[in-house]
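Chemist: Encoded as structure tokens, here's the structure I'll be asking about.
The values are calculated or read from the model by the stated rules, or taken from the named source; none is laboratory data. For clarity, every value in this text was computed on a predicted model and none was experimentally measured. Cβ sites come from the backbone with ideal geometry, for glycine too, and all protein chains shown count toward neighbours.
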Amino acid sequence: MEENRQFLHFFDKNDYAKVVPKSDESKNKPFPLFQKPYNETGKLIDLIPPTKFEIGNISFLELVNRRMSRRNYTDEPITLEELSFLLWCTQGVKRAFKKRAGVMRTVPSAGAKSPFETYLIINRVEGIDPGLYRYISFKHRLLFIKNIENSEQKIGELAYDQKFVGKGAVVFCWVAVPYRTEWRYTILAHKFIAIDLGHVSQNLYLACEALDLGTVAIGYYEQKKFDTLLGLDGKNEFVVLIAPVGKIPII
């Protein structure tokens, strides 16, 4: 356990110079794409743009005071506007840099490297068929990938038999593409990716509270099986966190 704590350490200046290798950025290697290529002729669904949101108006202090992990969801679907709001708040693209390799999103990221892709397992969203989708953040759209048979049961099992995970109206799956951050930060990248992930998941918590929805971040899942389900190679891209979202019972 003590060896693994080193992941959380940083370097003093003398050690930094000895240990940290030159980056691909310093070698003038091309920067990686900040969005995976996708089939533009596939089934794409337009989301509600942030300029048209009519939901989520609540004071920040109230959000912070209310924020908590919620594991009990009703069978009620969420709306397309609610899903659009959650996606925008967690990975919305505000601006892509033209002369510098980076993306300004609604969440901070080390060096603006934005190392995540968002996949969604949709069970109950009004107007959207159930299945596996990917958020095409640069277009603020959803891309349908495939159907998942017995989705609720399967996701619950893959989350170490935490059945409530599969019962969310939608399950957020954040996938890391490490090279986006490694390109600049080399061996330092992985700590920064973990920090970035905290920013993203906290935004989901706060966005859910603004809509009277519930969520909880889940780090216990079967890695290889989840990667396979999403069609990931497990090396250059892999699941790093999941989070069910759903309507919560009125008490």
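Chemist: Quick check on this structure: which one of Thr41, Thr74 is farther than 30 Å from Ile248 by Cα, over 22 Å from the mean Cα position of the chain (by Cα) and either of a type outside the set (A, V, I, L, M) or in a loop (DSSP other than H, G, I, E, B) (or both)? Break it down stepwise before answering.
Modeler: Details: Thr74 fails: farther than 30 Å from Ile248 by Cα.
Step by step, each of Thr41, Thr74 is checked, and only Thr41 is farther than 30 Å from Ile248 by Cα, over 22 Å from the mean Cα position of the chain (by Cα) and either of a type outside the set (A, V, I, L, M) or in a loop (DSSP other than H, G, I, E, B) (or both).
Chemist: All but one of (1) touching a residue at least 60 places away in the same chain (Cβ under 8 Å); (2) touching a helix residue (DSSP H, G or I) at 6+ places or on another chain (Cβ under 6 Å); (3) buried (at least 23 other Cβ atoms within 10 Å of the Cβ); (4) under 26 Å from Phe34 (Cβ atoms) hold for Tyr135; state the number of the condition that does not hold.
Modeler: Failing condition for Tyr135: (1).
Chemist: Among what's in region 44-102 and is touching a Pro at 6+ places or on another chain (Cβ under 9 Å) and small (Gly, Ala, Ser), pick the residue that is farthest from Arg134 (Cα to Cα).
Modeler: Ala101
Chemist: Could you check Leu86 against (1) outside any helix (DSSP H, G or I); (2) in contact (Cβ under 8 Å) with a residue 60 or more places away in the chain and say which number it fails?
Modeler: The number of the failed condition is (1).
Chemist: So, in region 1-57, of the ones that are among the β-branched types (Val, Ile, Thr) and farther than 18 Å from Leu87 by Cα, which residue ends up surrounded by the most Cβ atoms within 10 Å (Cβ to Cβ)?
Modeler: Going through region 1-57, the residues among the β-branched types (Val, Ile, Thr) turn out to be 19-20, 41, 45, 48, 51, 55.
Still in the list and also farther than 18 Å from Leu87 by Cα: 19-20, 41.
Values: Val19: 11, Val20: 13, Thr41: 6.
Only one residue tops the list, namely Val20.
The rows are residues; the columns are (1) aromatic (Phe, Trp, Tyr); (2) modelled with pLDDT of 95 or more; (3) more than 13 Å from the chain's Cα centre (by Cα); (4) assigned to a loop (DSSP other than H, G, I, E, B).
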| residue | (1), (2), (3), (4) |
| --- | --- |
| Val175 | no, yes, no, no |
| Thr181 | no, yes, yes, no |
| Tyr185 | yes, yes, yes, no |
| Lys191 | no, yes, yes, no |
| Val200 | no, yes, no, no |
| Tyr221 | yes, yes, yes, yes |
| Gly234 | no, yes, yes, yes |
